[in-house]
Amino acid sequence: MVWRLFSNVRSAGKFAFPAVFVFLAVVAGCATPWPEDYPARFEPVTGTITLDGKPLEHVQVTFVPMREGGVLATGETDATGNYRLSYYKTTGTPAGEYRAILSYRTDPNGVPITKAMNSSLLMPLEVSQAIERLPLKYCTGDSQLKAIVGAGGNEIDFALIGPLRELPKTVDP
């Protein structure tokens with residue numbers, strides 16, 4: 001199959017092969033090297049996030065590695081407060097120590113901002129006006145939440161203590 005692809009490129013003209021070679025060289029040069037001592041295996045991570053004992057939907061979950069050169073794994077809670085981490089299209093994250101950063105943002109009317117809205121190419125107005133509702137101790141780079149991911153299945157729950165930060169008061173015209 002690779003040979004068939006190569007032969008099609010060769011027959012496309014005298015500039016096709018150099019163009020393909022340059023493209024492959026650029027793509028290979030853009031790849032970030034995976035650290036040799038970093039685990040290549042991804043471990044599944046799931047859990048539940050509650051606020052004052054109640055599940056919280058649409059919390060953006062980010063696991064930031066404590067070591068340099070690691071990968072960020074992300075997820076979002078469902079209606080029951082459950083999340084599952086992934087790194088791009090790979091489920092889980094490598095074993096290691098992480099800082100967990102949790103974010104629950106809403107528009108000024110209290111409607112949650114979803115992961116799909118955050119990753120939209122065209123930023124919806126609601127995202128540009130989003131307000132972080134969780135206490136700052138959970139949602140900044142200085143988050144106090146830590147997690148250790150080990151081999152095999154990992155269930156890491158976070159029981160947060162509120163209240164949610166208040167929405168700004170609107171002024172009636």
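The values are calculated or read from the model by the stated rules, or taken from the named source; none is laboratory data. No experiment lies behind these values; they were computed from the predicted model shown. Using ideal geometry, Cβ is built from the backbone for each residue, glycine included, and neighbour counts are taken over all protein chains shown.
If Gly29 satisfies every condition in (1) closer than 30 Å to Pro168 by Cβ; (2) modelled with pLDDT under 95; (3) not aromatic (Phe, Trp, Tyr) but one, which is the exception?
Among (1) closer than 30 Å to Pro168 by Cβ; (2) modelled with pLDDT under 95; (3) not aromatic (Phe, Trp, Tyr), Gly29 violates only (1).
Taking region 72-94 only, how many residues are more than 23 Å from Leu164 (Cβ to Cβ) and surrounded by 18 or more Cβ atoms within 10 Å (Cβ to Cβ)? Before the answer, list the steps.
First, pick out the residues of region 72-94 that are more than 23 Å from Leu164 (Cβ to Cβ): 72-73, 84-94.
Filter again for surrounded by 18 or more Cβ atoms within 10 Å (Cβ to Cβ), leaving 73, 85, 92-94.
Residues that pass the stated criteria total 5.
Looking at Leu51, Leu72, Leu102, which one is in the same structural domain as Leu145 (by TED's automatic domain parsing), within 20 Å of Ala130 (Cβ to Cβ) and touching a Cys at 6+ places or on another chain (Cβ under 7 Å)? Explain how you work it out, then say what you get.
On the way: Leu51 fails: touching a Cys at 6+ places or on another chain (Cβ under 7 Å); Leu72 fails: touching a Cys at 6+ places or on another chain (Cβ under 7 Å).
Result: Leu102 is the single residue among Leu51, Leu72, Leu102 that is in the same structural domain as Leu145 (by TED's automatic domain parsing), within 20 Å of Ala130 (Cβ to Cβ) and touching a Cys at 6+ places or on another chain (Cβ under 7 Å).
Can you name the residue in region 100-116 that is buried (at least 17 other Cβ atoms within 10 Å of the Cβ) and over 13 Å from the mean Cα position of the chain (by Cα) and is also farthest from Phe42 (Cα to Cα) among such residues?
Ranking the candidates gives Asp107 first.
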